[in-house]
Amino acid sequence: MTEFDFDLFTIGAGSGGVRGSRMAAQYGARVGVAEEYRVGGTCVIRGCVPKKLFVYASQFHEEFEDAAGFGWTVGDTRFDWPTLIERKDKEIDRLNKIYIRNLDNSGAQIFDTRAELVDAHTVRLIGEDRTVTAKNILIATGAWPFKPSSVEGIEHAITSNEAFHLQALPKRILVVGGGYIAVEFSGIFHGLGVETTLSYRGPEILRGFDDDLRVGLHRALDEKGLKVLTHSVIKAIKKTDEGYLVSFEDGSSLETDLVMYATGRNPNTAGLGLENAGVELGGKGEIKVNAYSQSSQSHIYAVGDVTDRVNLTPVAIREGAAFAETVFNDNPVSVDHGDIPTAVFSQPEIGTVGLTEREAAETYGSIDIYRSEFRPMKHTLSDRNEKTMMKLLVDPKSSRVVGCHMLGPHSGEMIQAIGIAVKLRATKNDFDATIAVHPTSAEELVTMKEKVTISKAEAVAKAI
């Protein structure tokens, strides 16, 4: 007779929870997994995947316009929102079933219910009104969209969760925020023909990204006709007969049909009973963990956005795998959170890895900058006035490339390969020795020769 019902019980079946659970089960552990919504988590169900499908849909209007420059005659076009939603839902259902099948095939047992901790080894399955015990517990509940309670009428605003299920497209929308989700959904709605305004309280969108990317994307959005408001703080949202009247702290106002908040996400720990198990939380409600994703309670672990380390799906997956290796394969593995390549599916797209210009200069004292801005070859015939920007940051002493930043078509695809080079500590000489693939935008990365060297003081002074 065993002491516990499970060797591992996982709360949350998103990317990190599923990977950790599957691997633990494959290593012979008896695994239970509880998910209160749908297996697959935020990324698959209401995040990265449906968002990317929406991005594709929103880009076709420019593709139709560009076709004329290449000799195509495109007839009348019409977009149908319900068709996109139906097709998107069908794909999400397919992926959801794959995630369920993969867990089943690994031998893990799925519980379609919310789960909460009763004590350090006991989990209550709310929907089944019973408890189970586990030797080890993994918390992988992700994060939840944040809406500021200080804004009067905030209950009228939606988040990205609801944006995936709108019954109809609004004619006008105000998107509030300046990060990944805000700029991506702004591009989506604008591309689908919605009159779109993006409102951000700071001096420039995409805080934390390289300033050339921030300024370049803002300029590109302006040129597309997407209105971007900075230093913009919302005071109240009032429902009217026509839609909503949004009041700003500077005294201005804006009428819109829908308000969407994308002002960040908070770790999803409320009501999980973590206090019953002695699990220590941080100031944002995140589970505090060590390098091996172990919480203050030695047998309780946490991975993904609920730990508020690097909130990206591939990171959660890697953390889940490392957890399983450490706990169930006697192979301690910690995740290196440095030099993580990532993409922002804004329009135009962003790819980035490594340090920003300011971070690089602060780290190395001075930095060599190689930068190129050019018109992509496709637009020489489409006549679209959209530029691509590429930038390499190099440590002058070692010649190591410590940062790469791109704005333009296919940046997300390119940055994956560049991320390998940066992770391998490739030097500018290595880039220069690589023969270009012609004609491509990516060849600029290995042909840039002219550099500008700036000091730490100069980088700080020019930073936004």
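Every number in this text was worked out from the coordinates using simple rules, so none of it is lab data. Since the model is a prediction, treat every value here as computed from it, not as a measurement. Glycine gets a Cβ as well: all are built from the backbone with ideal geometry, and neighbour counts include every protein chain shown.
Tabulated values for the structure
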read-out: Cα centroid of the range 230-278 to Cα centroid of the range 432-464, whole Å; value: 39 Å
read-out: Cross-link table K378/K449; K428/K449; K397/K449; K397/K428; K428/K451, entries beyond 19 Å C-alpha to C-alpha; value: K378/K449
read-out: For the range 378-464: rounded, prolate or oblate by the Cα gyration tensor [a/c cutoff 1.5]; value: oblate
read-out: Average Cα contact separation per residue, the chain, under 8 Å, 6 or more apart, as relative contact order %; value: 15 percent
read-out: Anchor K288: aspartates and glutamates whose Cα lies under 15 Å away (excluding residues fewer than 8 positions away in-chain); value: E275, E280, D305, D308, E319
read-out: Derived scalar couplings ³J(HN,Hα) [the range 156-165; Karplus, 6.51 cos²θ - 1.76 cosθ + 1.60; whole Hz; x for Gly, Pro]; value: 7, 8, 9, 10, 4, 3, 7, 4, 6, 10
read-out: Set of lysines with alpha-carbon distance to K147 below 21 Å, sequence-local pairs under 8 removed; value: K51, K235, K238, K239, K284
read-out: Restricting the range 359-421 to trypsin sites (Lys or Arg not before Pro) in coil, as DSSP defines it, with at most 10 other Cβ within 10 Å; value: K397
read-out: Angle between the chain longest axis and helix 313-328 axis [Cα atoms, degrees, rounded to 10]; value: 30 degrees
read-out: Cα-based shape type of the range 148-234, given that a ≥ b ≥ c are square roots of the gyration tensor eigenvalues and the cut on a/c is 1.5; value: oblate
read-out: Size of the range 183-263 as Cα extents on the principal axes (Å, biggest first); value: 41, 28, 19
read-out: The range 125-187: trypsin sites (Lys or Arg not before Pro) in DSSP coil with no more than 12 other Cβ atoms inside 10 Å; value: K171
read-out: Summed side-chain charge close to S399 - residues other than S399 whose Cβ falls under 13 Å, Lys, Arg +1, Asp, Glu -1; value: +1
read-out: Within the range 27-93, GluC sites (Glu not before Pro) in DSSP loop having at most 14 other beta-carbon neighbours inside 10 Å; value: none
read-out: 11 Å beta-carbon shell around T263, net charge (K/R +1, D/E -1); value: +3
read-out: Average Cα contact separation per residue, the range 306-395, under 8 Å, 6 or more apart, as relative contact order %; value: 18 percent
read-out: Nearest 10 degrees, 0 to 90: helix 180-191 Cα axis against the chain principal axis; value: 60 degrees
read-out: Degrees between helix 81-106 axis and first principal axis of the chain (Cα, 0 to 90, nearest 10); value: 40 degrees
